1. Highest first, please rank the peptides 79-91, 57-69, 236-248 by the mean number of other Cβ atoms sitting within 10 Å of their residues.
2. Suppose a student asked you for the relative contact order of the chain, using Cα pairs under 8 Å spaced at least 6 residues apart; what percent would you report?
3. Ranked by Cβ crowding within 10 angstrom, fewest neighbours first, how are L209, L168, L204 ordered?
4. Go ahead and set up a Gaussian network model of the chain, Cα springs under 10 Å, then flag whichever of M101, M39, M151 fluctuates most.
5. So, in Å, what gap is there between the alpha-carbon centers of segment 180-250 and segment 97-170?
6. Above 28 angstrom, tally the Cα pairs of the chain and express them as a % of all pairs, no decimals.
7. With the Cα gyration tensor of segment 208-292 giving a ≥ b ≥ c as the square roots of its eigenvalues, does the rule (a/c under 1.5 for rounded; else a/b larger than b/c for prolate; else oblate) give rounded, prolate or oblate?
8. How fast does segment 110-211 diffuse by Stokes-Einstein, in µm²/s, taking the Kirkwood radius from C-alpha pairs at 10 °C and 1.306 mPa s?
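No value in this document is a laboratory result; all are computed from the given coordinates. Predicted model only: the values in this text are computed from it and were never measured. Every residue, glycine among them, receives a Cβ derived from its backbone with ideal geometry; neighbour counts consider all protein chains shown.
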Amino acid sequence: MVVLAVTIVLMHEGKRTKEVLTMRGFRELFNEGKVIIAMIHLGALPGTPLYDKAAGLERLVDNARADLAALQQAGVDAVLFGNENDRPYELKVDVASTSAMAYLIGRLRDEILVPFGVNVLWDPVSTVALASATGAQFVREIFTGVYGSDMGLWEGCAAKALRYARRLGRSNLCFLYNISAEFASPLDSRSLAERAKSAVFSSLADAILVSGPMTGEQAPLEHLRAVKAVLGPVPVLANTGVRHETVRDVLSITDGVIVGTALKRDGVTWNPVDPDRAREFVAIARERGGPA
């Protein structure tokens, strides 16, 4: 694990202060430039309400394989496997879901040519376990904070997740912290920027993600600006809702994007990746951010 100590200027109550934050291996993984991480939304998994038993796991493998090929051909920097269609979501995921994700990713492992990450919604410990089983280089989750959500009271567990990663021999795992949970509202009086700074300082986030209120909905630009302003060199990415017509503006603020819906056929989250839309998105992003 590469550890970089960076001294940055932070704004607090109108005063400039210097603090040392810890930034681990995000740039060792993604290099310089603006990063495009593309979602591979797995179909509903066995045991979940929307699972298609007749089509079975083989259909899920075929669909994920097609999305992976389209995204890699489009030139994205990384892919992120997530179980977005396992609605209603769980905060402690059944072991069958994590096992199914491991099976699906394992079937594709030799075809993955870019760095890849995993996200078991919404379970940080299961996400770390899946990363360990599949060899994923990064994870995304709600690791910090307390939220009132569609799923009930939602509490982060960064301490448990990072300790678990070390126990599993994955101290090199890159942790992407989503600090504005979708389908939820924070039970915290601090500003988004304050929560971002705290997540890096106290909970060792490698990068900070800022989301809109739901999958496919964009984070307000002012939220991105506020978070980036206090974190300086610490990577900040837009996590949801970035589209062809907005990616230039988003990348003028952030270090990258995580994108899913915009790359799908007709711009619908649950549809397959549209190769043309994916290529167009990457081309627009590269015009703004240059090569990754």
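1. Working: 79-91: 19.8, 57-69: 17.4, 236-248: 21.7.
By packing density, highest mean first, the sequence is 236-248, 79-91, 57-69.
2. Reported relative contact order: 19 percent.
3. In increasing order of surrounding Cβ atoms, one gets L168, L204, L209.
4. Per the Cα network of the chain with a 10 Å cutoff, M151 tops the list.
5. Centre-to-centre distance over Cα atoms comes out at 19 Å.
6. So the portion of pairs separated by more than 28 Å is 32 percent.
7. Judged from the Cα gyration tensor, segment 208-292 comes out oblate (a/c at least 1.5, b/c at or above a/b).
8. Values: Rh = 13.9 Å.
Rounded, D is 114 µm²/s.
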